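The values are calculated or read from the model by the stated rules, or taken from the named source; none is laboratory data. Note that the structure is a prediction, hence the values are computed from the model and not measured. Cβ: placed from backbone, ideal geometry, glycine included. Neighbour counts: every protein chain shown. We work out accessible area using only protein heavy atoms, side chains counted, and drop any ligands, DNA or RNA first. Shrake-Rupley method; radii C 1.70, N 1.55, O 1.52, S 1.80 Å.
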Amino acid sequence: MFYPQIARRDYNTRTGNYIPLWKKLARVRKDLKVSDLNWHITNFGLYSPAYATTNEDWRFAMHELKPTGKSVLTVAASGDQPIAFQLNGACDIDAFDTTYFAKVIMDIKTSALQTMDCTQYKNMVAELRNARSSRDITAYDKIKPACPRETLTAIRQMDGCRIFSMGTGIRDEYLPNEAEYNAAKQVVRKPIHFIWSDLENLHTKLNKKYDLIYLSNIFEYYHDTNKITKTLNDLYPFLNENGEIMLFTSWVHTNVSEQIVDAAAKCAWGKLKSHETRNAIMLTMTRIH
């Protein structure tokens, strides 16, 4: 259940900027150092802002994962990943995220696909990151007939708050081109089902199996190999045989990808694979039994 009176407490009333939990704790405990905080405390929360655009090479991911005809569970994030899966032929898509505003931006984008042309869509996305109100979104009225009522209500209730401001900015290269956009218009006809959950507890809210589970870069914030292993083992029952979990994507291999490789090696049910191209790498694990 979305509670706007609680959500608004996480945003500065003057600037509209998000105030993560660690900043709130630092204000109360002047002696507290960030290094002393539990690593579970990050910039992400139930009401943290959504990303306006993805920073992942979704075209590379789709090429490697080949989702046509497959059932998919994906992070909602900026809404771009669920739309990309639908564009690339996935037949059954569920999206999850820690923050409710990932659902909101996903609903905005799926509604815009039904009511805007490509130029209007790109202009709208460019405005989202700094928007503090629906009044800051040009042609907002165009999406209203197609957008779920609870999403329109949430946007109105969060007036003055920058609920799409996560990240460093808009990534134009990951917006759809006109051909991709027009193709998406043909297949994105309704909102995508949303599961409001962080990754650690996601398995408690699932009731079916998937061919693909797309985790984006969430493990980057875990800092604990054993916790990564446990999360993968918790998701294992919800992955079809020969199904894949996308574990991580980056421009290069990092200490995070090394940690994920170590964690995945402890899962006897899966086979790890690295997908690499000139400017991106992606780690996946396939269920082999």
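Observations
- Any chance residue 189 is among the basic types (Lys, Arg) and modelled with pLDDT under 95: yes
- Count - residues of the stretch 124-151 that are within 13 Å of residue 108 (Cα to Cα), over 20 Å from the mean Cα position of the chain (by Cα) and not β-branched (Val, Ile, Thr): 9
- Among (1) under 16 Å from residue 50 (Cα atoms); (2) assigned to a loop (DSSP other than H, G, I, E, B); (3) of a type outside the set (Gly, Ala, Ser), the one test that residue 155 misses: (2)
- Given (1) over 18 Å from residue 74 (Cβ atoms); (2) among the aliphatic types (A, V, I, L, M); (3) out of contact with any Ser or Thr (no Cβ under 9 Å at 6 or more places or on another chain), index of the condition residue 187 fails: (1)
- Highlighted here are the helices (runs of 4 or more DSSP H) found entirely within the stretch 98-149 that include at least 2 residues which are open to solvent by 20 Å² or more (accessible area, probe 1.4 Å) and of a type outside the set (D, E, K, R): 100-115, 118-128.
- The stretch 20-53, subset modelled with pLDDT of 95 or more and open to solvent by less than 90 Å² (accessible area, probe 1.4 Å), residue farthest from residue 78 (Cα to Cα): 47
- Enumeration of residues in the stretch 168-182 that are assigned to a loop (DSSP other than H, G, I, E, B) and either open to solvent by less than 30 Å² (accessible area, probe 1.4 Å) or among the aliphatic types (A, V, I, L, M) (or both): 169, 170, 175, 176
- Taken over the stretch 1-22, the criterion of being in contact with a helix residue (DSSP H, G or I) (Cβ under 7 Å, 6 or more places away or on another chain) and free of Cβ contacts under 8 Å to residues at least 12 places away in the same chain is satisfied by 19 alone.
- Hits in the stretch 194-203 - residues which are assigned to a loop (DSSP other than H, G, I, E, B) and more than 12 Å from the chain's Cα centre (by Cα): 200, 201
- Scan of the stretch 158-167 for residues that are surrounded by 19 or more Cβ atoms within 10 Å (Cβ to Cβ) and assigned to a loop (DSSP other than H, G, I, E, B), ordered by number: 158, 161, 162, 163, 164, 165
- Residue satisfying all of: in the stretch 204-223; open to solvent by less than 70 Å² (accessible area, probe 1.4 Å) and assigned to a loop (DSSP other than H, G, I, E, B); farthest from residue 259 (Cα to Cα) among these: 208
- Selected residue [assigned to a loop (DSSP other than H, G, I, E, B) and either in contact (Cβ under 8 Å) with a residue 12 or more places away in the chain or loosely packed, with under 13 Cβ neighbours inside 10 Å (or both)] from 185, 190: 190
- Within the span defined as the stretch 240-260, one or more residues are over 23 Å from residue 51 (Cα atoms), small (Gly, Ala, Ser) and out of contact with any helix residue (DSSP H, G or I) (no Cβ under 6 Å at 6 or more places or on another chain).
- Scanning the stretch 68-97 for residues that are in contact with a strand residue (DSSP E or B) (Cβ under 6 Å, 6 or more places away or on another chain), in a loop (DSSP other than H, G, I, E, B) and farther than 25 Å from residue 162 by Cβ gives 70, 90.
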